[in-house]
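Beneath this line is the structure, given in structure tokens, with notes to follow.
The values are calculated or read from the model by the stated rules, or taken from the named source; none is laboratory data. Here the structure is a predicted model, which is why all the values come from computation and not from measurement. Using ideal geometry, Cβ is built from the backbone for each residue, glycine included, and neighbour counts are taken over all protein chains shown. The area values use the complete protein model at the heavy-atom level, side chains included, leaving out ligands, DNA and RNA. Shrake-Rupley method; radii C 1.70, N 1.55, O 1.52, S 1.80 Å.
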Amino acid sequence: MIELIEHPNPRDVLLGRGAAVNRHPGNQHFRFIVSQYFTLYATSTKKQKMTISRSIVDKIRAEQDGRFLEKEAGTGSWHEVDVKRALEKTAQALRDGAAPIRKRLLESESKAELFMGTVCPSK
């Protein structure tokens with residue numbers, strides 16, 4: 001049976017959309033933690049990315065005593081999601097933040113290759 005939660009605590013991460021979810025202290029803290037991994041995530045292998053996501057979920061759940069909660073349709077109550085759903089949310093947040101970093105890295109590589117090609121032309 002799913003335990004319904006009437007009042008999320010400030011350490012909980014709320015799944016969903018909107019200003020109330022974005023302003024929730026647990027979501028703000030979650031975004032801060034995720035932001036610390038953007039560069040690492042952008043340059044990691046698929047296996048490393050899963051490890052990064054797992055470490056963030058573990059940090060929220062164990063170290064912060066937080067839960068990943070989703071709102072029940074109709075009741076307005078919340079329920080804790082399984083680890084798979086928590087990992088999906090975390091991976092999406094990491095992808096969203098890493099995308100601009102990955103783009104800058106690729107642009108830098110392209111500029112370096114272009115520069116090397118004009119300064120040191122091949123024979």
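Out of Glu113, Glu107, Glu88, Glu70, one residue alone is modelled with pLDDT of 95 or more and in a helix (DSSP H, G or I). It is Glu88. Applying the set (1) over 14 Å from Gly97 (Cβ atoms); (2) of a type in the set (A, V, I, L, M); (3) at pLDDT 95 or above to Ile56 leaves exactly one unmet item: (1).
In segment 33-61, what residues are without any contact (Cβ under 8 Å) to a residue 60 or more places away in the chain, in a helix (DSSP H, G or I) and open to solvent by 80 Å² or more (accessible area, probe 1.4 Å)? Correct list: Leu40, Lys46, Lys47, Gln48, Met50, Thr51, Arg54.
Apart from one condition, Ala93 fits all of (1) part of a helix (DSSP H, G or I); (2) open to solvent by less than 70 Å² (accessible area, probe 1.4 Å); (3) in contact (Cβ under 8 Å) with a residue 60 or more places away in the chain; (4) more than 30 Å from Leu106 (Cβ to Cβ); the exception is (4). One residue stands out in segment 2-32 among those that are in a helix (DSSP H, G or I) and open to solvent by less than 20 Å² (accessible area, probe 1.4 Å): the one that is nearest to Ala91 (Cα to Cα), namely Phe30. Across segment 75-97, a minimum of one residue is classified as touching a Leu at 6+ places or on another chain (Cβ under 7 Å) and either basic (Lys, Arg) or on the phi > 0 side of the Ramachandran plot (or both). Reported count of residues in segment 1-38, each being more than 13 Å from Arg67 (Cβ to Cβ), touching a strand residue (DSSP E or B) at 6+ places or on another chain (Cβ under 7 Å) and either β-branched (Val, Ile, Thr) or modelled with pLDDT of 95 or more (or both), is 1.
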